[in-house]
1. Every residue in segment B:76-97 that is away from chain A (no Cβ under 13 Å) and either over 25 Å from B:Asn182 (Cβ atoms) or at pLDDT 95 or above (or both), please.
2. Quick one: B:Gln123 ticks every box in (1) of a type outside the set (Lys, Arg); (2) within 17 Å of the chain's Cα centre (by Cα); (3) closer than 28 Å to B:Pro175 by Cα bar one, so which box is it?
3. For segment A:168-178, state whether one or more residues are in contact (Cβ under 8 Å) with a residue 60 or more places away in the chain and surrounded by fewer than 15 Cβ atoms within 10 Å (Cβ to Cβ).
4. Could you list, in sequence order, all residues of segment B:22-59 that are farther than 25 Å from B:Met1 by Cα and of a type in the set (Gly, Ala, Ser)?
5. Has segment B:3-12 got at least one residue that is touching a Gly at 6+ places or on another chain (Cβ under 7 Å) and surrounded by fewer than 20 Cβ atoms within 10 Å (Cβ to Cβ)?
6. Residues in segment A:119-138: is at least one within 14 Å of another protein chain (Cβ to nearest Cβ), aromatic (Phe, Trp, Tyr) and touching a Leu at 6+ places or on another chain (Cβ under 8 Å)?
7. Among residues belonging to segment A:107-120 that are over 14 Å from the mean Cα position of the chain (by Cα) and under 13 Å from A:Leu143 (Cβ atoms), point out the one that is surrounded by the fewest Cβ atoms within 10 Å (Cβ to Cβ).
8. Kindly provide the set of residues from segment B:199-217 that are basic (Lys, Arg) and assigned to a helix (DSSP H, G or I), ordered by number.
There are 2 protein chains.
Amino acid sequence: MVKVLVVGANGQIGKHLVTLIQDHEKMEAKAMIRKQEQASFFEELGAETALVDLEGEIDDITKAAEDVDAIVFTAGSGPKTGPDKTILIDLDGAVKTIEAAKAANVKRFIMISSYDTTRKAIQEASSSFAPYVAAKHYADEWLRGADLDYTIVHPGALTNDAGTGKIEAAATVEPSEVARENIAQVILACLENDATIGKEFQVVNGDTPVKEAIDSI
Amino acid sequence: MVKVLVVGANGQIGKHLVTLIQDHEKMEAKAMIRKQEQASFFEELGAETALVDLEGEIDDITKAAEDVDAIVFTAGSGPKTGPDKTILIDLDGAVKTIEAAKAANVKRFIMISSYDTTRKAIQEASSSFAPYVAAKHYADEWLRGADLDYTIVHPGALTNDAGTGKIEAAATVEPSEVARENIAQVILACLENDATIGKEFQVVNGDTPVKEAIDSI
């Protein structure tokens with residue numbers, strides 16, 4: 001069984017992802033959550049939980065990561081919380097998770113980034129969105145510089161629409177929407193395909209089945 | 001003449017520093033400022049000015065850096081502005097200045113950091129101060145990883161007291177106050193002493209003349 005630590009499990013992508021992993025024959029999820037009252041959702045799916053605050057110590061994350069085979073970082077303060085949390089969760093929480101992966105010797109790491117985290121995107125972002133883009137930029141940079149088997153997923157504008165199971169994925173795609181449920185399927189496809197190691201790509205809703213799209217990255 | 005680009009010249013340390021540099025026989029300052037109305041202070045000192053917004057493009061900073069021999073980064077939103085500016089100025093503005101230094105082939109770079117920017121300091125900071133410490137942490141990390149002749153100055157609690165010209169400086173010193181005017185003298189002493197390259201130290205007010213303290217780092 002491949003055991004996957006889902007960091008930010010209580011987020012919407014995280015919940016879809018843990019559900020998919022628990023349905024998978026050869027995978028099991030460990031849901032990293034911040035509050036005990038978030039546990040029941042995952043316990044009902046038969047998933048293990050780990051109670052860890054991303055604003056806490058790296059050691060706490062390392063302990064949660066010690067018995068897993070892969071880590072998915074899908075935590076996010078989101079662009080709607082204050083920029084204080086943006087730097088402490090989206091940047092520093094991501095970096096601490098990367099350092100924990102190294103300390104726990106977990107090589108496989110999948111980062112759910114933002115659609116465009118390039119320097120150009122920071123410069124062109126509105127003043128309210130730029131801090132979020134910058135935080136994700138530096139988190140991605142840290143991961144690229146870490147000696148891990150990473151994949152960076154850059155989703156389009158996230159929606160709560162039902163997943164169609166069909167996407168468009170490439171280094172760059174035209175900006176468009178993507179269902180969070182589709183992103184969870186994309187993560188699963190990445191976990192199943194080591195050819196995605198060392199790669200990053202943008203994803204929007206499209207016409208190609210997820211597995212096929214990810215296999216052709 | 002050693003020409004020094006002072007990034008954040010209009011700040012209080014910046015103004016002291018440009019004044020000291022203009023008084024120095026073998027140095028001249030180029031004050032990087034954000035607004036035209038800030039120029040007169042520096043013009044009266046006989047210093048050149050460059051009008052550049054740190055939230056703008058790296059290229060603009062590179063152009064300002066092209067004819068200088070050293071860069072001092074003393075810009076800062078400070079812990080009192082919103083954390084959106086903390087990430088865009090204290091972190092991203094610093095990184096852009098480092099990248100501009102590389103692009104303009106200016107090797108000497110002096111960073112005015114915060115008293116303690118270690119991982120431990122982020123974890124122990126209050127929730128309102130932690131985003132600032134994290135931003136300075138990543139800016140310092142970026143500089144350490146850049147192939148530049150850097151010095152990182154970690155000042156104690158900054159005050160507007162008159163400079164005494166006497167400090168205590170070491171890898172770690174007991175937390176205490178330090179006059180901004182003393183920090184400006186410390187920067188000048190670093191610019192005059194290449195033995196400070198590749199080093200970083202904390203500084204508070206003390207009993208040792210600045211030049212002597214810096215020479216013994």
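The values are calculated or read from the model by the stated rules, or taken from the named source; none is laboratory data. Just so you know, these numbers come straight off a predicted model, no measurement behind them. Every residue, glycine as well, gets a Cβ built from its backbone with ideal geometry; the counts of neighbours run over all protein chains shown.
1. Across segment B:76-97, the qualifying residue is only B:Thr97.
2. With respect to (1) of a type outside the set (Lys, Arg); (2) within 17 Å of the chain's Cα centre (by Cα); (3) closer than 28 Å to B:Pro175 by Cα, B:Gln123 is out only on (2).
3. yes
4. Across segment B:22-59, the qualifying residue is only B:Gly56.
5. Here is the first cut: in segment B:3-12, the residues touching a Gly at 6+ places or on another chain (Cβ under 7 Å) are B:6, B:8, B:11.
With surrounded by fewer than 20 Cβ atoms within 10 Å (Cβ to Cβ) added as a condition, the list becomes B:11.
Checked against the condition, which is being touching a Gly at 6+ places or on another chain (Cβ under 7 Å) and surrounded by fewer than 20 Cβ atoms within 10 Å (Cβ to Cβ), segment B:3-12 yields at least one hit.
6. At the first step, the residues of segment A:119-138 found to be within 14 Å of another protein chain (Cβ to nearest Cβ) are A:119-138.
Filter again for aromatic (Phe, Trp, Tyr), leaving A:129, A:132, A:138.
Those still in the list that are touching a Leu at 6+ places or on another chain (Cβ under 8 Å) too: A:138.
Looking through segment A:119-138, at least one residue is within 14 Å of another protein chain (Cβ to nearest Cβ), aromatic (Phe, Trp, Tyr) and touching a Leu at 6+ places or on another chain (Cβ under 8 Å).
7. Residues of segment A:107-120 over 14 Å from the mean Cα position of the chain (by Cα): A:107, A:116-120.
Now narrow it down to the ones that are under 13 Å from A:Leu143 (Cβ atoms): A:107, A:117.
Working: A:Lys107: 16, A:Thr117: 22.
Across segment A:107-120, the extreme among qualifying residues is A:Lys107.
8. Restricting attention to segment B:199-217, the residues satisfying the condition of being basic (Lys, Arg) are B:199, B:211.
B:Lys211 - this is the single residue of segment B:199-217 that is basic (Lys, Arg) and assigned to a helix (DSSP H, G or I).
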